[in-house]
Every structure is written in C-alpha cells, then in structure tokens.
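Q: Before I ask anything, let me first share the structure, which is written out below as structure tokens.
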Amino acid sequence: MRLAGRLQGVASAMACQPPVREMVSTVMKMPGGSSGCRNGPDKDVKGWKEILNTSVGVLQQGGVIGVPTDTIYGIACLAQNSQSIKNIYNVKGRNGTKPLAICVGAIEDIYKYCQVNVPDHLLRDLLPGPVTLVMERSDELNKELNPFTSLVGVRIPDHAFIRQLAQICSEPLALTSANLSTQPSTLSVEEFKDLWPMLSLVVDGGPIGDLSSPECRLGSTVVDLSIPGKFTIIRPGCALIPTLEILKNKYGLSSVS
C-alpha cells in the first residue's frame with residue numbers, strides 16, 4: 001500500500017532572478033482549488049495547461065516561483081541552472097551552506113540524479129508522497145547545487161501539478177519551503193506574501209490542509225537512505241509513523257542512531 005494512501009487515514013485522524021527593485025509577482029490561480037490542483041485537471045484543462053506552460057517559461061528564464069505541494073507551499077527553480085540556485089537562496093535569505101532538495105516527476109528520474117541503495121519497490125511504496133529521501137548524488141546533478149555535500153534529498157510530491165511541472169521541464173526542480181529561513185512553513189499563498197516581490201510567479205493551489213493545525217505545517221519526513229540496509233530520520237515531519245512502518249517492518253532496514 002502506497003504511503004500516500006496510508007496518510008489519508010492518518011490525516012483524518014489528526015483532524016527569477018533577484019529583483020533590482022520591488023515588483024509585484026504574478027499570481028495564477030489553479031482551476032479546481034486545492035483538490036483540483038492536487039489531482040490534476042477535471043474540467044478546465046486549458047487553464048491547467050496555461051499555468052503549466054507559464055511556469056515552465058518562467059523557470060527556463062532563471063525565475064523562482066511559488067508552488068503548492070502535498071505538504072506545504074514551496075518555492076522552486078531549475079536545479080541544473082546555477083544562476084537560478086543563487087536566485088532561490090536570495091529569495092529565502094538562506095545561508096548557502098543549507099542544502100536544497102530536488103523534486104522530480106517520476107521514480108525513474110531518481111536513478112538519473114541519485115545513487116539508489118534500496119529496492120525499487122521501497123521507492124514506490126514511499127513515493128509519490130510527503131517524504132524526502134536523502135541519497136548519494138550522481139554526476140548528472142548540477143555540481144553547484146549543494147557543493148558542500150555528496151548527498152541530496154529528493155522528493156516526488158503526491159501532487160499532480162508539481163510532478164507534471166518537473167516532467168515538462170525534463171530536469172529536476174530545486175525545491176524549498178515558501179518562507180524566510182527560521183520562519184513557519186506556509187499553507188496558503190497569502191501566508192508568504194512578503195516573498196511575492198522576489199518571485200517571478202506564484203501558483204495558487206488553494207489552502208493545503210488545515211490552516212489552524214500545527215501538524216499540517218510539519219513538512220515532509222526526511223530520511224537518509226545513503227547507507228545500504230540502514231536509515232536515519234533527519235526530520236520527523238508529517239509522515240513519520242507510516243514511513244517507519246515501511247522502512248522497518250516491510251523492508252527490514254535498521255535505524256542508525
């Protein structure tokens with residue numbers, strides 16, 4: 001059973017470049033609100049494609065965009081574009097030694113950018129879903145992305161828009177939370193409005209989860225799988241229990257303390 005399906009029960013139980021001058025970011029609202037954005041277009045296929053194509057164009061010009069994911073809102077740029085990486089750090093106000101994750105559109109893409117030490121079925125049990133898997137990076141990944149470490153975190157969110165975006169771009173997205181460093185994560189575009197002037201585009205997928213719930217702001221569970229047969233939880237996040245069940249009970253990996 002995929003992790004995303006397991007989490008539905010858990011959730012119900014838990015009830016661009018840096019601007020020279022200030023500018024107003026373009027905000028595009030996804031058709032269908034949060035459910036339509038997460039699952040893909042229902043009726044307004046034209047509107048869906050328009051937002052996807054606009055997002056791709058902005059990214060290819062070095063822009064940084066605000067995007068919905070399956071956990072919290074994020075900001076993204078092209079991971080293989082070194083100038084874009086500098087831009088996203090400028091938006092975050094983040095120290096350049098803090099790593100960025102990558103987002104890809106399909107399991108097969110992980111093998112291109114990471115050295116995988118776990119069974120393919122394990123990847124497919126966890127992904128798509130609210131988990132970031134940390135692995136040894138491959139030579140295909142931009143060496144200027146996290147140059148201080150041989151590891152990289154990879155995500156495939158359970159969210160149709162951002163997966164399709166990565167697939168159309170034909171390269172990974174660098175992805176981080178849509179908030180200034182040290183500030184709370186965000187569940188709606190209005191909550192990171194202070195960042196809009198520094199973004200080329202904001203994609204509004206509606207509220208993600210319960211805005212009043214602290215659990216909904218935990219972000220993805222981050223787990224290090226770089227050592228064969230072992231795992232380390234780097235951040236508990238929102239999917240810790242079902243992730244541990246898969247890693248320990250189903251695949252017999254042991255935890256590194």
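Q: What is the mean projected area of the alpha carbon convex hull for the range 209-257, to one decimal in square nanometres?
A: For the Cα atoms of the range 209-257, the hull's average projected area reads 3.6 nm².
Q: Taking amide H positions as placed in the peptide plane 1.01 Å from N, state which residues far from residue 101 in sequence (5 or more) or on other chains have amide H under 5 Å from it.
A: 175
Q: A further question follows. Could you report the chain's accessible area per residue, 1.4 Å probe, as an integer in Å²?
A: Ligands and nucleic acids excluded, the figure is 45 Å² per residue.
Q: Pop out the carbon and sulfur fraction of the accessible area of the chain as a percent, whole number, probe 1.4 Å.
A: Its accessible area is 52 percent carbon and sulfur atoms.
Q: With runs of 4+ DSSP H residues as the only contributors, calculate the mean residue ellipticity of the chain at 222 nm using -39,500 (n - 2.57) per run, divided by the residue total and rounded to the nearest 500.
A: That comes out to -8000 deg cm²/dmol.
Q: Further question on the same structure: Taking N as the number of residues in the chain, what is its alpha-carbon radius of gyration divided by 2.2 N^0.38 Å?
A: Working it through for the chain, the quotient is 0.95.
Q: Let me ask you something else. Which value results when the Cα radius of gyration for the range 105-240 is divided by 2.2 N^0.38 Å?
A: 1.09
Q: Moving on. Using every Cα-Cα pair within the range 83-154, state what percent have a distance larger than 19 Å.
A: 36 percent
Q: How far, in nm, would the chain grow between residue 45 and residue 234 when pulled straight, counting 0.36 nm per residue and subtracting the alpha carbon separation?
A: Taking 0.36 nm per residue and subtracting the Cα distance, the gain is 64.2 nm.
Q: Return a single number: how many Lys pairs in the chain, at a sequence separation of 8 or more or on separate chains, have alpha-carbon atoms below 19 angstrom apart.
A: Qualifying lysine pairs in the chain: 11.
The values are calculated or read from the model by the stated rules, or taken from the named source; none is laboratory data. Everything quoted here is computed from the prediction, not taken from an experiment. For the accessible areas, the whole protein counts, side chains as well, though only heavy atoms, and no ligand, DNA or RNA atoms are used. Shrake-Rupley method; radii C 1.70, N 1.55, O 1.52, S 1.80 Å.
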